[in-house]
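Here's the structure we're looking at; comments come further down.
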Amino acid sequence: MSDLSASPQPAPESPAPQPSRSLWLLAKKSAARVQDWFTIQPLWIKAMVVAVALLIPALGVYSIALQHKQAAVAAELKAMNVAAAPAAIDAGLPVVFGTGSVLGFLESHPVERITVIYKPLLWNLSERFVLIESQGKQYAYYPSDMETKIFADKAVTAAWGAKLNFVPRADLDPASLQVLERLDERFAGARPQSEKDGWKAGVSGVLSAALTVGLLGFLAFQLKGQFKSLKFLEPGQVQGSIEDLVGMDDIKSEVAQIKDQYQRRAEYAEYGVSKPFNVMFSGPAGTGKTKLASYLAKELGLPILFHSAANLETGYVAGGANTLGRIAAMAKRRKRCIVFLDEAQDLFMKRGGHRKFDDDTQNSLLAILDGVRSKSEAEIIWIVASNFNSESMPMDEAMLRRFQMKVDFRLPNKEERLAIVKHYLSQRAGKVLPDLDLRHFVEVTEGRSPADLETIVNQAGITAVQAGEMIGADTLMQAAERVLVGNVNANTTKERERDRRIIAIHEWGHFLVDFERERKQADGDWEKILADMKTIKISLKANPRNNALGFVFHKQGTNLLKTKGDIEHDVRVLLGGMANEELFFGEEGTTNGAHNDITRVTKLLHHAVAEMGMYRKTRLNFGALSNDGHGDGRHLDEETRGIMEAQSERLYGETKALLSRLKPLTEHLAGKLMDKGEMDLKEALFEIRSFEAACHEFSNRAGLASV
C-alpha cells in the first residue's frame, strides 16, 4: 500500500503551447481565484470592491469625454489660424473688458485688428483670450466654448477674418504679459468652461489609475494572504494516477464505488440513493489518504480543495465555523468539486465537555454534511480524513451518521511492503544493485506506513550519493536504522566506561531472554532463530530521540493477537535489563535506565489483569468503569493492584533465574559489545555459538540445548 505518486515519465515531444492559449488559461485561473476570494468575503467588503470597480471605469469615461471635448476646441482654434504675424498687446491703447458677445461686437463695430492669445494646457487643450482693437481701444473677451465654435465658423467668410492674429502666450513681451496677467486676475470668473474642465480631466484620469492600482494591490494582498490556505487544485495539476498506489487494491475498490456512484448518480437516485457525497477516510498516518483523494479528483475531472481541520480555528470566537462557511461558499460556487478536510480527529470527538467553540465548529460541519439543500450542492464531494481510532476514542454518533461511505486505511502487509519498496527502487533503477534480497528489509519494516518506506528509500539514496556507491541491501538497512531509530552518536558514552558496561549488561539482558525463547521454539535451528528474532542490532551509541545511552534496533512482531504467554514473555524481556543489572552490580547498583521498561511492564500487566481479566476467576474489564474507558493507577482497586504486583514479582524472579545461568555468556557478549560499539543479530549469534563451542561444560551447567 503506497501513497506515492509516480514520477512523471518523459512524455513524447509535442508542439509547444501557443502563447495566446497559455495567457488565456492564466487569465481564466486568475479569474477563478478572484471569484473564490470574492465568494468568501463579508458583505461590506463585497460592496466596497463593487463600488470601487464601478468607480474606476466611470472616472475613466469622464476623463476621456473631457479630453475629447477639449480636443475639439483646440481643433477649432487651429482652424482659425490664418498665419498672421504675431503681435504684442499695444501698451499705448487702453484695454477694457468687452460687453456682450464677441460676434455681436464684431458685427456692430469697426475693427482694426483681432489678436487671439492662446496657451497650451493639458494634452491638446488650449486657453484662448481675444483682444479686439477698435476706435482707439482694445476690448478683451474670454469666449465660451460655444462662442469659440461660432467664432471659428464665421471667421472663414467674414470680412474681419483677414484681421486675425494668433500669438502664443509664451511669445508675448514682458509689458504685454503684465497687461494680460492683470486681465486674468480681474476676469478670472469669465474663463471658458473648457479651460475650467482641464484640471478635472487630469484629476479624473489620475484618480482612475490610482484606484485601479489600489484595487489590484488589495486583491493581490488578499489572494496571497487570506486566500492562500483556501485554494482549489485543478485536476491537471495532480501528478500520477490512482494506479500508482501500490498494494491498495481493497481500498481502491472502495473508491471505485464512489466514482461510479458519482458518475451515475441519476441511476442511483432511481433506487432511492440520493444522499450527499460525504466520505470518511480513516486510518494511520502516511497510508495514502491525501494521495487517494487527489487521484479521485483527477479521475472524476474535479477541482479539489485541501484544508487541514487542525487549522480551522483562527483564534477568534466562531473562527472554525466561519472558515468552514467560507469553504462551503467556495465549493457551492464551483458546483462540481471535492473538499478534502485532513487531520479531522477533533471533529469526530463527542461534543460537550470541552471548549464551546470546538462544538461550534463540529455543529457547522454537521449542518454542512446534513443534506442537500440545493441542486448545486448535490455535486460536491466532502471527504473528511482522520487518524481517528474508534477503539481508544469515542466517536460522535451524529457525525458518524453523516457519512454514506467509510473507507478504512491500514498499514501494508509483508507482500505489499515488498511491492512498495520495489516500486520506489524502480524509479532509481540505474542506481540500484541488481537482484537485491529485500526479505530481511521487509521484515524490519513491519508496521511501517508507505510514507515511512518512501522516507527510508530516499534516505538510502542520500547515503548512497554521499558514499559514492549504488543502493544495496546494506544501504537500505542503514537508512532504516537512521529513519526508525534516529541519528545516533558514539561520543556521548565513548569515554564513560562505567556507563558503557552498565548499558551493555542491560541490553544483553533483554536480548538473552528473547533469545532463549526463540531457541526453544526453533528447536536449535540457528537459521530459523536468525529469521524469527526481533532484535536486529544492539548498540552502545546514544540516541537523542529518546535520551537513551544505548539502544536495541528491533522489528515488530507479525502476530496481531497476543496470547497470555506472549504477554508474559514481553514482560520478561522488559524486565531482563534490570534483572541483569542486579545480577552483576547488586540491588544497590541498579540504575534508572530501566524506567521506560518498568512503565511498559506496568501497562502490560494492567491490560492483562484489569482489562482482560487474566489471573482472575472472572473475565471482567474494570478499566471500562473509568471515565475515559481506561483505568489508571489512581483508580486501581486493591485486588487488581495485588495481582499485578504478584505477577510482576513472579515474572521478575523467573527472568533473574534464567539470566543467572547465562551470566558467563553475558560477560563474554558485553566485552565484545564494548570493543565493537555495536553488533548486529548475525554477529551476536556467531559469538554465542563460538562461546558455547569453546565452553561445552558451561553449556551443560546452564542447561542449554546441544548445538
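The values are calculated or read from the model by the stated rules, or taken from the named source; none is laboratory data. All figures in this text were calculated on a predicted structure; none of them were measured in a lab. Note: ideal-geometry Cβ built from the backbone for every residue, glycine included; neighbour counts use all protein chains shown. All accessible areas refer to the heavy atoms of the entire protein, side chains included, with ligands and DNA or RNA removed. Shrake-Rupley method; radii C 1.70, N 1.55, O 1.52, S 1.80 Å.
Anything in the range 329-347 that is hydrophobic (A, V, I, L, M, F, W, C) and surrounded by 19 or more Cβ atoms within 10 Å (Cβ to Cβ)? List them, or say none.
Narrowing the range 329-347 to residues hydrophobic (A, V, I, L, M, F, W, C): 329-331, 337-341, 344, 347.
Residues satisfying the conditions are MET330, ALA331, CYS337, ILE338, VAL339, PHE340, LEU341, ALA344, LEU347.
Tell me, please, whether a residue that is in contact with a Phe, Trp or Tyr (Cβ under 6 Å, 6 or more places away or on another chain), part of a helix (DSSP H, G or I) and open to solvent by less than 70 Å² (accessible area, probe 1.4 Å) can be found in the range 422-440. Checking the range 422-440: not a single residue is in contact with a Phe, Trp or Tyr (Cβ under 6 Å, 6 or more places away or on another chain), part of a helix (DSSP H, G or I) and open to solvent by less than 70 Å² (accessible area, probe 1.4 Å).
In the list ALA297, ALA285, ALA344, ALA293, which residue meets the criterion of being assigned to a loop (DSSP other than H, G, I, E, B), within 24 Å of GLU454 (Cβ to Cβ) and in contact with a strand residue (DSSP E or B) (Cβ under 7 Å, 6 or more places away or on another chain)? First the steps, then the outcome.
On the way: ALA297 fails: assigned to a loop (DSSP other than H, G, I, E, B); ALA285 fails: in contact with a strand residue (DSSP E or B) (Cβ under 7 Å, 6 or more places away or on another chain); ALA293 fails: assigned to a loop (DSSP other than H, G, I, E, B).
Being assigned to a loop (DSSP other than H, G, I, E, B), within 24 Å of GLU454 (Cβ to Cβ) and in contact with a strand residue (DSSP E or B) (Cβ under 7 Å, 6 or more places away or on another chain) holds for just one of ALA297, ALA285, ALA344, ALA293, which is ALA344.
Okay, residues lined up against (1) of a type outside the set (Asp, Glu); (2) at pLDDT 75 or above; (3) exposed (fewer than 14 other Cβ atoms within 10 Å of the Cβ); (4) touching a Phe, Trp or Tyr at 6+ places or on another chain (Cβ under 8 Å):
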residue: MET644; (1), (2), (3), (4): yes, yes, no, no
residue: SER648; (1), (2), (3), (4): yes, yes, no, no
residue: ASP680; (1), (2), (3), (4): no, yes, no, no
residue: CYS695; (1), (2), (3), (4): yes, no, no, no
residue: ALA702; (1), (2), (3), (4): yes, no, no, no
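Checking the condition farther than 28 Å from LYS555 by Cα, touching a Ser or Thr at 6+ places or on another chain (Cβ under 8 Å), at pLDDT below 85 and surrounded by fewer than 14 Cβ atoms within 10 Å (Cβ to Cβ), which residue from ASP628, ASP632, ASP637 passes? If you could, list the steps in order and put the result at the bottom.
On the way: ASP628 fails: touching a Ser or Thr at 6+ places or on another chain (Cβ under 8 Å); ASP637 fails: touching a Ser or Thr at 6+ places or on another chain (Cβ under 8 Å).
Going through ASP628, ASP632, ASP637 in turn, just one is farther than 28 Å from LYS555 by Cα, touching a Ser or Thr at 6+ places or on another chain (Cβ under 8 Å), at pLDDT below 85 and surrounded by fewer than 14 Cβ atoms within 10 Å (Cβ to Cβ): ASP632.
Of all the numbered requirements in (1) modelled with pLDDT of 85 or more; (2) within 30 Å of VAL552 (Cβ to Cβ); (3) surrounded by 12 or more Cβ atoms within 10 Å (Cβ to Cβ), GLY589 misses one, and that requirement is (1).
Of the listed requirements (1) farther than 22 Å from HIS440 by Cβ; (2) in contact (Cβ under 8 Å) with a residue 60 or more places away in the chain; (3) among the β-branched types (Val, Ile, Thr), ILE688 misses just one: (1). Against the numbered list (1) modelled with pLDDT of 85 or more; (2) open to solvent by less than 20 Å² (accessible area, probe 1.4 Å), GLU454 comes up short only at (2). Here GLY352 meets the list (1) open to solvent by less than 60 Å² (accessible area, probe 1.4 Å); (2) touching a helix residue (DSSP H, G or I) at 6+ places or on another chain (Cβ under 8 Å); (3) assigned to a helix (DSSP H, G or I); (4) at pLDDT below 85 almost entirely, failing just condition (3).
Tell me, please, whether a residue that is polar (S, T, N, Q), modelled with pLDDT of 70 or more and open to solvent by 40 Å² or more (accessible area, probe 1.4 Å) can be found in the range 81-90.
So in the range 81-90, the residues polar (S, T, N, Q) come out as 81.
Then drop every residue that is not modelled with pLDDT of 70 or more, which leaves none.
No: zero hits.
Across the range 235-280, which residue is most open to solvent (accessible area, probe 1.4 Å) among those that are more than 22 Å from the chain's Cα centre (by Cα) and of a type in the set (Ser, Thr, Tyr)? Looking at the filtered set, the residue picked out is TYR271.
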